[in-house]
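The values are calculated or read from the model by the stated rules, or taken from the named source; none is laboratory data. Predicted, not measured: the structure shown is a model, and the values here were computed from it. No Cβ is skipped: glycine too gets one built from the backbone with ideal geometry, and neighbour counts run over all protein chains shown. To get the accessible areas, we keep the full protein, side chains included, count just its heavy atoms, and leave off ligands, DNA and RNA. Shrake-Rupley method; radii C 1.70, N 1.55, O 1.52, S 1.80 Å.
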Amino acid sequence: MHDDLPASPWVQRFAPLIPLGGVVLHLACGNGRHARLLASLGYRVEAVDRNAEALVGLANVPQIAIRIVDLESGSWPYAAESFDGIVVTNYLFRPRLGDLVAALKPGGVLIYETFMVGNERFGMPSNPDFLLCPNELLDRVQQRLAVVAFEQGDIENPKPACVQRLCARMGSGVGRLPT
């Protein structure tokens, strides 16, 4: 959706919490702005999206493996895999939220940032199916993950929007924080 933009400051801030040298799933990655960031930080990245054309630019990027999958139909393609980190931005498919948590290794980090109710004032997305309810990310993960940071509300950059952001770790909440 916004793949011509630089990497999200939220993702940049919390990516260093992912265990060094780990494998990261970049879900619904689009053109891969965050996959590129993560690869540049030394992570091995599985960049997945249903749009094959969007993934073309990632085909020969070192540290990035691409996978074309429609995440909203069929079974969860990562049921037998686990990751040191999972990054999701500007995407919401509620039936997969539990799968994401289950796919984290112990110590793994979930970094999630997407639109919430209130974003309809700013344009797309405006369909409630694609907008989180207040505190929804927090409510869905706090029983299973240690929440490192959570924010929700209006932002101005890179464009006006109403968002929810979460960073959470599988296991103990004790650990290094980003500087």
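Some observations on this one:
- The percentage of C-alpha pairs in the range 1-52 whose separation is greater than 13 Å is 55%.
- Shown for the chain: the carbon plus sulfur share of the solvent-accessible area, taken with all protein chains present and a 1.4 angstrom probe, equals 53%.
- 222 nm mean residue ellipticity, helices alone, for the chain (DSSP H n ≥ 4; -39,500 (n - 2.57); rounded to 500): -4000 deg cm²/dmol
- Here the 3J(HN,Hα) profile of the range 16-25, calculated from phi with Karplus coefficients 6.51, -1.76 and 1.60 at θ = phi - 60°, is x, 6, 5, x, 3, x, x, 9, 10, 8 Hz, Gly and Pro shown as x.
- Among beta bridges identified by DSSP and lying wholly in the chain, the antiparallel ones come to about 45 percent.
- Amide H contacts under 5 Å for residue 86: 25, 109, 110, 111, restricted to partners 5 or more places along the chain or on a different chain, H placed in the peptide plane at 1.01 Å from N.
- Summarising the label geometry, the points placed 7 Å from Cα in the beta-carbon direction at residue 93 and residue 52 lie 1.7 nm from one another.
- In this structure the range 1-73 gives 47 Å² per residue of accessible area when probed at 1.4 Å with all protein chains present.
- Share antiparallel - DSSP beta bridges, the range 79-179, percent rounded to 5: 70 percent
- Unit Cα scatterers, Debye sum, the range 1-95: log10 I(q)/I(0) for q = 0.12, 0.19 Å⁻¹: -0.33, -0.87
- Inter-label distance, residue 120 to residue 147: 2.5 nm, where each label sits 7 Å from its Cα along the C-beta direction.
- Amide H partners (placed H, <5 Å) of residue 32, local residues excluded: none
- Debye log10 I(q)/I(0) for the chain, one point scatterer per Cα, at q = 0.17 Å⁻¹: -1.10
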